[in-house]
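Beneath this line is the structure, given in structure tokens, with notes to follow.
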């Protein structure tokens with residue numbers, strides 16, 4: 001099983017650590033695209049701070065992030081699971097998993113990144129700012145750059161198992177399953193039920209997804225089909241509804257009434 005997470009916009013910048021070494025990251029087939037995007041981003045931020053802020057969608061109070069991006073090639077790095085923060089990652093709380101669950105996370109969890117494509121929890125990266133919908137001068141759409149190369153890396157990481165796709169819509173555009181892999185892909189939607197109505201609420205969605213990943217890692221189950229995943233989540237205490245298979249995979253709706 002491979003659990004594919006979105007990145008977080010917020011990141012914790014390490015104070016010390018070795019500089020970035022792209023050759024050390026998982027999925028080495030992505031090194032060329034990583035190099036191209038890193039060079040384009042750092043050059044933009046070094047050469048034209050105003051344009052960089054506009055491209056990155058940064059306000060006046062966030063100009064320090066332009067400076068941070070300008071020195072990514074020499075900035076200190078830390079494990080990706082220590083860099084990413086936010087509601088999903090707080091709920092997942094990888095650092096407090098049991099030793100067995102943390103070992104599972106090294107092989108079962110990956111993060112989709114606008115700058116690095118696909119990361120494992122132990123990959124060492126700097127804190128950066130680049131959104132999945134950005135368009136970089138000289139490169140074009142970040143999503144388009146990854147769409148050309150990310151499929152092979154993801155299918156290699158999946159092996160013959162199930163892909164549990166928890167990406168947001170922005171990062172889902174980086175890679176879509178092929179007909180051959182769609183039967184082994186499960187997307188998860190979290191619905192908040194209140195007063196007989198169901199809605200998608202960002203906070204509930206992110207927190208519940210983090211808790212689901214944590215529970216799966218602690219439990220150790222390795223479901224091979226969307227139906228088996230649904231059964232596992234029901235056993236772990238969630239209310240789950242299974243959709244029909246589609247060319248994009250099978251959607252599971254997890255229904256919650258509180259965080």
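Please treat every number below as a calculation from the coordinates, not as lab data. This one's a predicted model, so the numbers in the text were calculated from it and none came from an experiment. Cβ coordinates were reconstructed from backbone atoms using ideal geometry, including for glycine residues, and neighbour counts include every protein chain displayed.
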**Prompt:** residue 202 versus residue 95, label points 7 Å from Cα toward the beta carbon: distance in nm?
**Reply:** 2.5 nm
**Request:** Along Cα→Cβ, 7 Å out, is where each label goes; now give me the distance between the ones at residue 248 and residue 54 in nm to one decimal.
**Result:** 3.2 nm
**Relative contact order (percent, whole number), the range 174-227, Cα cutoff 8 Å, 6+ residue spacing** = 33 percent
**Item:** Helix-only CD estimate at 222 nm, as mean residue ellipticity for the chain, using -39500 (n - 2.57) per DSSP H run (n ≥ 4)
**Value:** -11000 deg cm²/dmol
**Message:** Within the range 181-202, name every residue whose backbone N is under 12 Å away from a label modeled 7 Å from Cα of residue 255 along the Cβ vector.
**Reply:** 191-199
**Item:** Mean separation of Cα contacts under 8 Å, 6 or more apart, over the residue count of the range 2-256: relative contact order %
**Value:** 24 percent
**Complete:** Rounded to the nearest 5, the percent of DSSP beta bridges in the chain running antiparallel is 55 percent
**Asked** Which whole-number percent gives the relative contact order of the range 151-259, counting Cα pairs below 8 Å spaced six or more residues apart?
**Response** 33 percent
